[in-house]
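This report refers to the structure that appears directly beneath it.
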Protein chains: 2
Amino acid sequence: MSSEDVEYKAFLRRRRSIRRYTQEQITNAELSDLMEIASLAASAMNEQAWYFAVIQNEEIIQAMGELSGLDNPYYGAPTLIAAFARQDAIASVIDTTLAVSNMMNTAVADGLGTCFIYCTKDLFNDPRHAELRSTCGVPDGYECIGSIVVGHPAEEVEEPQDRNQDIYSIIR
Amino acid sequence: MSSEDVEYKAFLRRRRSIRRYTQEQITNAELSDLMEIASLAASAMNEQAWYFAVIQNEEIIQAMGELSGLDNPYYGAPTLIAAFARQDAIASVIDTTLAVSNMMNTAVADGLGTCFIYCTKDLFNDPRHAELRSTCGVPDGYECIGSIVVGHPAEEVEEPQDRNQDIYSIIR
């Protein structure tokens, strides 16, 4: 194994869920890389059955947080990316999650932090919030599966000490 | 951005779905890395609500392929990893998919290929195949969400030319 490969695994190991952010916005180049590498994810029958609403408007993020009824669910991050799966596709929740995972891993390369925020799905899939959906340009026929926040970490998060390694059986 | 970071993104971009494999088995060290980095994935409320059956028995993989009714669904790969999500967890299909995504990306570092094979869920979730489930040591209360095959690629796959980049809106 080359040292490049070792370094690559070190990056994959470096992702943490970040729950404090600075106010500095991510750059367009960073966003563009997140989306491009997301688009390279595997999808069932290559349907690429995903869509993303990238929300960088502080008022909207604030309002969504309040609607959720939770205390500061978006952690003050400057970017919220809501993820949508096409409902008539074969395996679009999985496809879309693979794409989001690529975003989360890509962010590490730029020193950005992310956190998966599941509760966003309840907002976007609630007919009472149809206006939010249309503000965000979400196409018809897509359901929200959750979201990530993205930004510059304002905290250091230690290596996880709590990972269960007893998660598989081998059948030979 | 450092050259290391550029290299990391290059690795993330390098993943392809591989549909031809050599007979060479993956090593225990490679498997161990796949599982360790999978275990570092994000999960809702840190539930880590995933389980994996690593099947390296050629006869079982063959029999599963025949049961599926599809023509060679596992592409002759020497390792099949079926992924299971705990049914009473908050967001376990997403959690488990994030863990599988980490496996798919980690494999690239070792020159291994992977392919997501969705149809495996139909086998493991069918009560008629309870014996397969117990052979594979799957705990009660977990549903299969799909699988990946892993092995040494016996084909070169070109860069994807067909990726839709029009997959997001920005709300500022």
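Here, each number is a calculation from the coordinates, and none is a lab measurement. Since we're looking at a predicted model, the values are computed, not measured. All Cβ positions, even for glycine, are placed from backbone atoms using ideal geometry, and neighbour counts span all protein chains on display.
How many Cβ atoms of partner chains, on average, are near each residue of A:114-123 if near means within 10 Å of its Cβ?
2
Could you work out the pair-distance distribution P(r) of segment A:21-151 from its alpha-carbon pairs, with 5 angstrom bin width and percents rounded to whole numbers?
Going from the shortest bin to the longest, the percentages are 2, 11, 22, 24, 20, 14, 6, 1.
Let me spell out the model: positive unit charges on the Cβ of Lys and Arg, negative unit charges on the Cβ of Asp and Glu, origin at the Cα centre of chain A. What dipole size does that give, in debye rounded to 20?
Its charge dipole is roughly 380 debye.
In Å and whole numbers, how far do the C-alpha atoms of segment A:24-83 stretch along each principal axis, longest first?
The Cα atoms of segment A:24-83 stretch 39, 25, 14 Å along the principal axes, largest first.
Translational diffusion coefficient, Stokes-Einstein: compute it for the protein assembly as shown using the Kirkwood radius over C-alpha pairs as Rh, at 10 °C and 1.306 mPa s, and state it as an integer in µm² s⁻¹.
The diffusion coefficient I find is 78 µm²/s.
Placing +1 at every Lys and Arg Cβ and -1 at every Asp and Glu Cβ, with all other atoms neutral, what dipole size does segment B:112-172 have around its Cα centre, in debye to the nearest 20?
In total the dipole reaches around 300 debye.
Measuring label to label, 7 Å along Cα→Cβ, what does residue B:155 give against each other copy in nm, shortest first?
In nanometres, ordered from closest: 4.6.
Label-to-label distances across copies for residue A:131, with labels 7 Å out along Cα→Cβ, in nm, shortest first?
Spacings between copies for this position, smallest first, are 6.1 nm.
Could you name the aspartates and glutamates whose alpha carbon sits less than 13 Å from that of residue B:121, not counting residues in the same chain fewer than 8 places away?
B:143
Per-residue mean of other chain beta-carbon atoms within 10 angstrom of the beta-carbon, peptide B:94-104?
6
For peptide B:29-41, compute the average count of partner chain beta-carbon atoms within 10 Å of each residue's beta-carbon.
Other-chain Cβ atoms within 10 Å of each residue's Cβ, averaged: 4.
Given labels modelled 7 Å from the Cα in the Cβ direction, how far is it in nm from residue B:27 to residue A:156?
3.3 nm
Any idea what the dipole of the protein assembly as shown comes to, in debye rounded to 20, about its Cα centre with Lys/Arg Cβ at +1 and Asp/Glu Cβ at -1?
Here the size comes out at about 240 debye.
Which of A:104, A:171, A:134 sits closest to the plus end of the dipole of segment A:101-171, meaning its Cα is farthest towards the positive end, when Lys and Arg get +1 and Asp and Glu get -1 on the C-beta?
A:134
Run through all the Cα pairs of segment B:116-172 and give the fraction in each 5 Å bin from 0, expressed as whole percent.
Calculated P(r), rounded to whole percents: 4, 13, 15, 14, 11, 10, 11, 12, 7, 2, 1.
Provide the packing ranking of B:128-139, B:72-83, B:99-110, i.e. peptides ordered by the mean count of other C-beta atoms within 10 Å per residue, highest first.
Per-residue mean Cβ counts within 10 Å order the peptides as B:99-110, B:72-83, B:128-139.
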